[in-house]
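Below: the structure, in structure tokens.
The values are calculated or read from the model by the stated rules, or taken from the named source; none is laboratory data. Computed from a predicted model, the values in this text were never measured in an experiment. In this analysis, Cβ positions are derived from the backbone assuming ideal geometry, glycine residues included, and neighbour counts consider all displayed protein chains. The area values use the complete protein model at the heavy-atom level, side chains included, leaving out ligands, DNA and RNA. Shrake-Rupley method; radii C 1.70, N 1.55, O 1.52, S 1.80 Å.
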Amino acid sequence: MQSEFVHLRVHSAYSLAEGAVRIPELVTLCRDHNMPAVAVTDTANLFGALEFALAASKERVQPIIGCQLAIIGETSGAGEAVATSTHHANPASELVVLVQSEAGYRNLLHLVSRPYATKDPLRRAQLSLDDLSGNSEGLIALTGGVAGEIGRLLANGQRDTAEHMLQALSELFPGRLYIELQRHGLDEEERVETALIDLAYANDLPLVATNEVFFTDAGMYEAHDALLCISQSAYVSQSDRHRVTPGHRFKSAAE
């Protein structure tokens, strides 16, 4: 029997110095867990899209092409100001998009390419909400969990601003926006989960449970942590660096 859960947030090894899941391993895991589909959402690139599509299709696993975009809050397409949370060192927040159609794939190609053409080095690999306007057709959006702008604002006690941002995203992705719930063992996730569910019901938006995957199993956690240290020029013993948890692995449907 096919699993009722499929992974929609996988970082392959093409999420450079961040993901550690090789495409063949991912397809094998899906087959072994009877998952009929899987999404690869590498950070700011589509480097692995072709390899992934071919490998998954060969094993009769439905490949879902996606990407994790970095969004900086500015103005919505309607011209309404949307504030950005400022309590994080990195002002950009995560927004995950999944390809729904050929038009969506073409729009994603445009969105992924656009930031690299800017002459502003501070805007490399980042998009504004205005950049999304007119380029969101055929794309499904996931709010990004606690690293998304909605989650960040809620964690910072900015419920009203979160509502405004959610409205802006709803206008950009009408009928194609999902509020994302995640449980990786982070305190922040537990703190904002109820507020996210309340927002979903208040705005008649669907919920989706995801698990952001950076490595295949718990045995890879320490090696992956070392990879993150290399990417940050940091030491394993440092406390003030980016970390993930053992929960950021390829979990079974039961998990």
Query raised in the report: Taking the range 151-166 as the search range and keeping residues that are small (G, A, S) and on the phi < 0 side of the Ramachandran plot, which one is surrounded by the fewest Cβ atoms within 10 Å (Cβ to Cβ)?
Result: A155
Requested in this report: Give the range 235-255 a look and list any residue that's modelled with pLDDT of 90 or more and of a type in the set (G, A, S), or say none.
Outcome: G247, S252, A253, A254
Query raised in the report: Exactly one of (1) under 25 Å from L29 (Cα atoms); (2) free of Cβ contacts under 8 Å to residues at least 40 places away in the same chain; (3) crowded, with 19+ Cβ neighbours inside 10 Å is unmet by G219. Its number?
Result: (3)
Query raised in the report: What number of residues in the range 222-245 are surrounded by fewer than 17 Cβ atoms within 10 Å (Cβ to Cβ), touching a residue at least 12 places away in the same chain (Cβ under 8 Å) and touching a His at 6+ places or on another chain (Cβ under 7 Å)?
Result: 1
Query - Residues (under 24 Å from T245 (Cα atoms), assigned to a helix (DSSP H, G or I) and either of a type outside the set (V, I, T) or open to solvent by 50 Å² or more (accessible area, probe 1.4 Å) (or both)) located in the range 2-53 - result: P24, E25, L26, T28, L29, C30, D32
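Conditions (1) among the aromatic types (F, W, Y); (2) more than 18 Å from the chain's Cα centre (by Cα); (3) closer than 16 Å to S170 by Cα; (4) not in a helix (DSSP H, G or I), marked per residue:
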{"residue": "G185", "(1), (2), (3), (4)": "no, no, no, yes"}
{"residue": "E189", "(1), (2), (3), (4)": "no, no, no, no"}
{"residue": "E193", "(1), (2), (3), (4)": "no, no, no, no"}
{"residue": "E222", "(1), (2), (3), (4)": "no, yes, no, no"}
